[in-house]
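The values are calculated or read from the model by the stated rules, or taken from the named source; none is laboratory data. None of the values given here were measured: they were computed from a predicted structure. Every residue, glycine as well, gets a Cβ built from its backbone with ideal geometry; the counts of neighbours run over all protein chains shown. Note: areas computed on protein heavy atoms with side chains; ligands, DNA, RNA excluded. Shrake-Rupley method; radii C 1.70, N 1.55, O 1.52, S 1.80 Å.
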Amino acid sequence: MLFVDYTDCCVRGVTEAQHNRSNITVCAFLAQLDVRKLLQGRVFSQSTDSALDEELQDVTFHTAASQQRSGDDVTSELPQLSVMEGLWCVAAGVFQVWMFVVVFLIMLPAMFGVSLGVTGVYIQVLVKILEWATIRIQRGQKEQPGVPVPLPAGIIERAAGSMEEEMGQLQSPRSLEGGHFALSDAFYFYKKGMESIVDDQVIQRFSSEELASWNLLTRTNQNFRYISLRLTVIWGLGVFVRYCILLPLRMTLAIIGLSWLVVGTTLVGCLPDSSVKDWLSELVHLTCYRICARGLSATIHYHNRENKPQKGGICVANHTTPIDMVILANDGCYAMVGQVHGGLLGVLQRSMVRSCPHVWFERSEMKDRHAVTSRLRAHVAAKTKLPILIFPEGTCINNTSVMMFKKGSFEIGGTVHPVAIKYDPRFGDAFWNSSKYNTVSYLLRTMTSWAVVVNVWYLPPMTLQQDGEDAAQFADRVKSAIARRGGLLDLAWDGGLKRAKVKDSLKEEQQRMYSSIIVGQRAVEGWSEDTEQQ
Amino acid sequence: MGSRASTLLREEEIEEIKKETGFSHSQITRLYSRFTSLDKGENGTLSREDFQRIPELAINPLGDRIINAFFPEGEDQVNFRGFMRTLAHFRPIEDNEKNKNPTASEPLNSRTNKLLFAFHLYDLDRDDKISRDELLQVLRMMVGVNISDEQLGSIADRTIQEADTNGDNSISFNEFIKVLEKVDVEQKMSIRFLH
């Protein structure tokens with residue numbers, strides 16, 4: 001690279017951007033300089049290779065204007081205007097190339113749902129590089145025993161027995177009618193308590209998953225360990241590619257996609273209600289979401305598309321990130337459910353609602369569960385409306401497990417279409433840790449990750465069974481189906497534990513279980529009836 | 001390479017903890033990751049609230065007693081050394097066979113030390129005796145509201161009667177050990193750590 005010591009630092013930018021072995025194209029203003037003087041006297045080049053200097057003298061200069069290059073005729077004064085002109089024509093050229101790429105290679109295919117296969121190749125190349133990097137790191141780890149290896153199974157191995165089994169083992173002569181207390185009973189609780197301090201199932205779900213392999217994304221100095229020069233170079237290259245090439249491209253696409261959504265839906269909203277309007281609105285929505293998905297380099301694999309949610313149904317899915325909506329909406333149109341926001345999001349919401357009915361709630365309405373349920377019920381009952389999209393967990397979980405589904409969504413009635421979403425963690429961390437990152441920094445992180453590779457499984461529709469199943473049990477059944485399909489762990493814990501405390505009733509349940517072991521089930525039930533009567 | 005920081009622990013500290021507690025190098029670094037993930041305030045120490053945030057511990061009837069065991073007299077914060085020292089009581093005994101050092105003092109996870117740890121969880125006022133009241137307190141924590149006072153009282157009395165050999169109506173540490181002779185303390189008070 002050339003670092004040109006010249007008062008006008010725009011020259012540096014131009015020569016750096018446009019240096020090329022066979023010819024250098026610079027604009028008019030450079031021809032007015034004594035370039036040879038510059039190259040011989042005041043150039044500091046990185047390499048001390050004398051061959052490089054010779055090559056520079058062979059360089060040809062073209063001028064954008066009609067002025068010919070003159071080797072030794074120099075005018076020492078530069079009009080400032082031509083500097084700006086030069087800059088402008090460079091910028092215009094870059095912009096033209098940019099827009100060409102964006103419009104023809106990305107936007108038009110997105111409108112017609114056609115893929116050019118570029119992302120597929122990109123993903124394959126990435127996988128090869130990541131595998132190579134992982135092998136190098138594993139080799140490096142063998143040589144340096146200090147590097148901690150994350151154990152996928154956890155730190156400890158837990159005993160799987162129930163409370164009764166464990167207590168029974170603690171003290172062998174326990175009568176069947178009702179045992180009695182032994183000092184060692186407490187050991188069971190101590191051990192369980194210590195185990196949960198060392199490794200529990202819940203807290204780890206609220207922060208990003210630890211990867212067994214490196215995905216060239218470790219960002220801070222703390223996480224980055226020096227293993228070898230080659231890896232460091234690749235990592236640095238990765239940072240450059242992600243921030244300087246991918247990020248601007250993706251931001252352009254995101255802006256185009258969102259503005260197209262606003263404009264398009266407003267235009268469609270002007271039409272009278274008809275099937276043409278519905279079809280157009282679907283086209284607009286799909287196009288916009290596809291552009292946004294390209295804006296994230298998202299590769300989405302849809303499975304079992306015959307089970308796609310139909311009109312008048314409810315679509316439920318596990319929640320990992322706000323991008324879930326974009327992922328799902330790439331393949332079909334949904335009626336979104338959410339709170340009315342102000343600002344940019346509010347503009348989006350208002351324009352979307354013009355072309356097809358979404359369900360936006362005011363903040364005050366959200367508190368009244370009955371109002372919410374009745375409005376959703378009305379939407380579902382009108383069989384011509386799009387299926388609603390709900391995330392019953394209520395909060396973002398880190399895509400290793402599915403946490404408790406809130407039963408409110410399952411009381412609406414109608415057919416429930418479960419969908420399982422699983423992100424591939426090798427390419428980027430899609431999880432939104434809302435306590436650590438706000439929206440803007442989260443979007444920045446996602447746009448500077450390599451890609452978003454996601455598998456979406458459509459499950460067969462489920463309905464509430466009439467044999468006395470209540471909404472909570474139905475919710476659990478749907479949750480288990482989603483967890484099984486997506487390869488996620490099925491947890492009964494509430495996602496709300498991210499911020500709220502555990503309910504006391506769970507502790508009381510533990511106490512009841514223990515009491516029935518030491519005094520017998522009937523004695524406990526009799527006692528609680530007595531206390532209730534009092 | 002995970003995405004969590006685990007490089008803030010110096011090698012000398014790891015060696016010291018290894019000598020004191022008997023955990024292996026990789027176990028210590030893994031437990032340090034866990035410590036930092038619990039440390040919301042990121043100040044290198046854990047408070048009682050940090051422990052109570054663990055849902056499985058919050059629903060444990062004896063959760064508060066266990067949390068107390070981490071905090072020495074009158075202190076509100078526990079650092080990583082203290083954390084490891086308390087956890088060391090729950091290391092399996094058979095792991096000691098590997099680093100047998102005859103000149104070292106009794107390891108933290110010997111049978112006697114495990115029993116002493118459990119004894120202190122009962123004996124809140126540290127007078128080396130489990131009185132009837134202390135026993136009742138623990139019992140009440142374990143059963144909640146499901147058993148009447150009289151029944152609980154009779155359970156406590158019966159337990160003390162069986163254990164007490166010197167007639168002072170409370171359980172001393174030696175009497176405690178005697179009662180739990182047949183219990184497989186090694187298995188019941190040990191956590192299987194993966195290497």
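Which residue pairs have Cβ atoms closer than 9 Å, lie 6 or more positions apart in sequence or on different chains, and pair a first residue in segment A:468-494 that is more than 14 Å from every other protein chain (Cβ to nearest Cβ) and open to solvent by 70 Å² or more (accessible area, probe 1.4 Å) with a second residue that is part of a loop (DSSP other than H, G, I, E, B) and among the aromatic types (Phe, Trp, Tyr)?
Within 9 Å, the pairs are A:Asp476/A:Phe405.
Condition (residue is more than 8 Å from chain A (Cβ to nearest Cβ), among the β-branched types (Val, Ile, Thr) and not in a loop (DSSP other than H, G, I, E, B)) applied to segment B:141-155: is it met by at least one residue?
No, segment B:141-155 contains no residue that is more than 8 Å from chain A (Cβ to nearest Cβ), among the β-branched types (Val, Ile, Thr) and not in a loop (DSSP other than H, G, I, E, B).
Please return the ranges of helices (runs of 4 or more DSSP H) entirely within segment A:313-391 where 2 or more residues are modelled with pLDDT of 85 or more.
Because the criterion is at least 2 residues that are modelled with pLDDT of 85 or more, the helices (runs of 4 or more DSSP H) in segment A:313-391 that meet it are A:324-329, A:369-381.
Just the residues that are of a type in the set (A, V, I, L, M) and either touching a Cys at 6+ places or on another chain (Cβ under 6 Å) or under 19 Å from A:Lys385 (Cβ atoms) (or both), please, taken from segment A:255-292.
Listed by number, the residues that qualify are A:Leu261, A:Val268, A:Leu271, A:Val276, A:Leu280, A:Leu283, A:Val284, A:Leu286.
Filter segment A:411-441 down to the residues that are free of Cβ contacts under 8 Å to residues at least 24 places away in the same chain and among the aromatic types (Phe, Trp, Tyr) and list them by number.
A:Tyr437
Only one of these is open to solvent by 10 Å² or more (accessible area, probe 1.4 Å) and closer than 17 Å to A:Asp185 by Cβ: B:Leu124, B:Leu136. Name it.
B:Leu136
Taking A:Gly269 as the residue in question, decide whether it is surrounded by fewer than 19 Cβ atoms within 10 Å (Cβ to Cβ), touching a helix residue (DSSP H, G or I) at 6+ places or on another chain (Cβ under 6 Å) and either modelled with pLDDT of 70 or more or away from chain B (no Cβ under 14 Å) (or both).
Criteria met by A:Gly269.
How many residues does segment B:157-195 contain that are outside any loop (DSSP other than H, G, I, E, B) and of a type in the set (Ser, Thr, Tyr)?
2
Is it the case that segment A:420-441 has a residue that's under 19 Å from A:Met325 (Cα atoms), open to solvent by 70 Å² or more (accessible area, probe 1.4 Å) and among the hydrophobic types (A, V, I, L, M, F, W, C)?
yes
Tell me, please, whether a residue that is farther than 23 Å from A:Ala451 by Cβ, outside any helix (DSSP H, G or I) and either open to solvent by less than 60 Å² (accessible area, probe 1.4 Å) or at pLDDT below 80 (or both) can be found in segment A:251-265.
Checked segment A:251-265: no residue is farther than 23 Å from A:Ala451 by Cβ, outside any helix (DSSP H, G or I) and either open to solvent by less than 60 Å² (accessible area, probe 1.4 Å) or at pLDDT below 80 (or both).
Sort through B:Phe90, B:Phe119, B:Phe83 and tell me the only one that's among the hydrophobic types (A, V, I, L, M, F, W, C), under 28 Å from B:Tyr32 (Cα atoms), within 11 Å of chain A (Cβ to nearest Cβ) and not in a helix (DSSP H, G or I).
Just a single option satisfies the conditions, and that option is B:Phe90.
Among the residues of segment A:371-394, count how many are in contact with a Lys or Arg (Cβ under 8 Å, 6 or more places away or on another chain), surrounded by fewer than 18 Cβ atoms within 10 Å (Cβ to Cβ) and not basic (Lys, Arg).
Residues meeting the conditions: 1.
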